[in-house]
Every structure is written in structure tokens, then in C-alpha cells.
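Note sheet for the following structure.
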Amino acid sequence: MAQGIGEEFGTAPFPELRAGKTGELDSLTSGGVKATGAITFALNPTAAATITINGTVFTFVASGATGNQVNIGVDLTTTLSNTAIVLNASVLANISVATYTSNATILTTTYDTYVAAGNLFTLAASIATPSAATLTGGQDLGVADISTEPTRMTLTQAVDQRVTLVAGDEAQQKLIYVNTRSGAGNLVVVPSSVTGGTIITFNAAGMWVELRYIAGAWVKTAGTATVS
């Protein structure tokens, strides 16, 4: 009798392999994560105070801001909102690689791509406290190996982790499943093309998906993961 997927890997059994590649296990322990960081303010900045974002200095001014200047608002919330607007509108290559958001006391920076290189992006301030000297947590995209049938994912992050799935051979089958999940983050698989959506999400240990590559797209044939 054919052995069900998972029986040899210590997980719940899955449908047996059919018309795929080898049954050797592709085991992933990390996926893509965007690097992030924050600058926390205790008080509304005064004129001439600065923040330095990835090596570029931005100066707070009382009014009439131009270029790399930010107008000080009536309160800190307004000032930080102004700051995020200026940063997001910047055409400087070292600034436009990230997205900036704010709340009442914190300016948050999120690197736009899933790469470990995002951790090189720097933060500094004359009148506030950066979370660190650089953004942190960035990881390169994981890649599901299509030369083998099953991919097992171990999730440990507090944030979602992304894994890519390239095009397969016609009628090829692929199985992806989450073995353990110790953090709050989900597994988000990004196929080259998938019928019914653009991503496949796994939000609990034991979730799985069986896919077939048909006419240029992956098609979900079974499983508990969600295509959206």
C-alpha cells in the first residue's frame, strides 16, 4: 500500500503522491519578511530638530517646509502625519524603498520588499528614540522546491512569512504543509499563477494544500489552506 504524505514525517497523513516529482522532503524554516523599524517621540519636535532616514537628514521647521523639511503641527500626531507624508512623497531612491506610517507618538518604517538587505536601512533622530540603528527582521523570500513533491514549512515568526512557487510542468502535483507554528505569523505562498486568486494562506499548524499545474496555473485540488 502506498504511504500517505506525512506518515514518514511525523504529521497527519495526506493523500498519496500522484504524477509528481520525487517524494524527497523540501523543508523550509523561514520565508520572506519585510524589515521594519520605528522612531518614538516623547514631545512635539521643535524647529531645527532632525531625523535621519537611511542617511538623509529631514529637518523640522515652524512653517513653509520645502525639500527635506517637515512642518511642525499643532501637536505631535499632526507633526508625525506630516512627516509620513513628506517621506512617502520623496523621490530619493534611498527613501522611496520604504513606506512610512504614523500614530500619536511613533513613526514606523517598513521596507517595501521581502529581502534581508532591508536590515541595512538606517534610522537616527536628534529628538526621538529609534527602535534600533537599522530596520530589523527582514528575510529573503523563501522558495518552494518544485523538483520534489512535498514542502514542509516550520513557522516561528510573529509576522507573516512569504514563500514563492514558480511554474511547474504540465499536470505536475505539489503539496505544501505547515508542520509547526510557534509564532503568530502565517505562511503566505505566492505562486507564479494560481486559479482563483494570487496567494495561498496557511494560518495554523497542520494546514496543507495539494496543487496541480494545469494550463499555465497552479490549481488547488485539495487541502485546508485558502486561495485568495
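The values are calculated or read from the model by the stated rules, or taken from the named source; none is laboratory data. Quantities reported herein were computed from a predicted structural model and do not represent experimental measurements. Glycine gets a Cβ as well: all are built from the backbone with ideal geometry, and neighbour counts include every protein chain shown.
Summary table below
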item: Test: residue in region 183-191 that is touching a residue at least 24 places away in the same chain (Cβ under 8 Å), surrounded by 17 or more Cβ atoms within 10 Å (Cβ to Cβ), of a type in the set (Gly, Ala, Ser) and over 30 Å from Phe60 (Cβ atoms); result: yes
item: Pairs with Cβ under 6 Å, 6+ apart, first in region 103-125 and within 16 Å of Ile39 (Cα to Cα) and touching a residue at least 40 places away in the same chain (Cβ under 8 Å), second buried (at least 18 other Cβ atoms within 10 Å of the Cβ) and among the charged types (D, E, K, R); result: Thr110/Lys34; Tyr111/Lys34
item: Set Ala48, Ala93: member being within 20 Å of Pro130 (Cβ to Cβ) and surrounded by fewer than 15 Cβ atoms within 10 Å (Cβ to Cβ); result: Ala48
item: Which numbered condition Thr164 misses (of (1) hydroxyl-bearing (Ser, Thr, Tyr); (2) at pLDDT 95 or above; (3) touching a Lys or Arg at 6+ places or on another chain (Cβ under 6 Å)); result: (3)
item: Selection status of Leu107, under 21 Å from Ala47 (Cβ atoms), touching a helix residue (DSSP H, G or I) at 6+ places or on another chain (Cβ under 7 Å) and not in a loop (DSSP other than H, G, I, E, B); result: yes
